[in-house]
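Step one of this worksheet: look at the structure below.
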Amino acid sequence: MTNSLNEIEEALISCRKCPRLVAWREEVARVKRKAYRDQEYWGKPVPGFGDPDARILIVGLAPGAHGSNRTGRMFTGDGSGNFLFPALFRAGFASQPNAESADDGMVLRDVFIAAVCRCAPPDNKPSRDEVANCLPWLAAEMSVLSEVQLIVALGKIALDGLLSLPDFGGLPKKDFPFGHDSFYETPAGLPSILCSYHPSLQNTQTGRLTVDMFDQIWQRAKSSLR
């Protein structure tokens, strides 16, 4: 299984299907943010990361321009990750609370982190077509993550993307409205779905998503496992 994930990663990081995203991610990597001017940016699509035998799949939106687009690892090096990884650590899914670089020693247990879009988009807003172009990578990862029982969708765009995948295509979207802490059973053979607000700064700094609210998501995720 790990070899299959490695093969997907190798193919994914060479993807140049969306001209706008390719131009943006590479410009950001070239210009850099002043605080990181001495660092080499990743500047490529960001593959999934985590336990290949995970029972929980976390699906986010897209890499941050100066987070994952810099570090090359999902949710690493930005405000969203600074909220996500401590929560995963408290719930026992992560070996440490801090995620600063791809070689910081972070180990995930029973979770795998992916996203519906793998390139940093301008203003954190990929277009519908760009998400559609990218979803096959998520489908490919899911095809080899054979132990997944639950998918945690971080934000409505993640949920909508998930429901657009071929395996979920027969499910009526109206039966799966997005709402924080909404939990959905699915037909036999498909993972259940748990929704959460995305741990973006616009949610965490405004109090829309609190530490307690997010901790409850991971406790519910843990309790749903068989």
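The values are calculated or read from the model by the stated rules, or taken from the named source; none is laboratory data. What you are looking at is a predicted structure, and each value in this text was computed from that prediction instead of being measured. Positions of Cβ are backbone-derived with ideal geometry, glycine not excepted, and every protein chain shown enters the neighbour counts.
Tabulated data for the structure shown
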| quantity | calculated |
| --- | --- |
| Among the residues listed as Gly170, Gly155, Gly179, the single one being over 15 Å from the mean Cα position of the chain (by Cα) and closer than 20 Å to Gln219 by Cα | Gly179 |
| Hey, Ser146 surrounded by fewer than 16 Cβ atoms within 10 Å (Cβ to Cβ), over 19 Å from Pro86 (Cβ atoms), free of Cβ contacts under 8 Å to residues at least 60 places away in the same chain and of a type in the set (Ser, Thr, Tyr) or not | no |
| Count of residues meeting criterion [outside any loop (DSSP other than H, G, I, E, B) and within 11 Å of Gly64 (Cβ to Cβ)] in the range 107-123 | 1 |
| Matching residues, the range 76-92, being closer than 14 Å to Gly64 by Cβ and part of a helix (DSSP H, G or I) | Gly79, Ser80, Gly81, Asn82, Phe83, Leu84, Phe85 |
| Residue that is modelled with pLDDT of 95 or more, assigned to a helix (DSSP H, G or I) and surrounded by fewer than 19 Cβ atoms within 10 Å (Cβ to Cβ), where the choices are Asp212, Asp181, Asp167 | Asp212 |
| Selected residue (only one of Leu154, Leu108 is within 30 Å of Arg20 (Cα to Cα) and touching a Ser or Thr at 6+ places or on another chain (Cβ under 9 Å)) | Leu154 |
| Considering residues of the range 47-75 that are out of contact with any strand residue (DSSP E or B) (no Cβ under 8 Å at 6 or more places or on another chain) and assigned to a loop (DSSP other than H, G, I, E, B) only, the residue surrounded by the most Cβ atoms within 10 Å (Cβ to Cβ) | Gly64 |
| Candidates Gly43, Gly60 - the one that is closer than 24 Å to Arg220 by Cβ and modelled with pLDDT of 95 or more | Gly60 |
| Tabulated pairs, the range 53-76, first touching a residue at least 12 places away in the same chain (Cβ under 8 Å), second among the charged types (D, E, K, R) and buried (at least 24 other Cβ atoms within 10 Å of the Cβ), C-beta under 7 angstrom, 6+ apart or interchain | Pro63/Arg118; Asn69/Arg25 |
| Residue match in the range 85-102 (condition: within 11 Å of the chain's Cα centre (by Cα) and in contact (Cβ under 8 Å) with a residue 60 or more places away in the chain) | no |
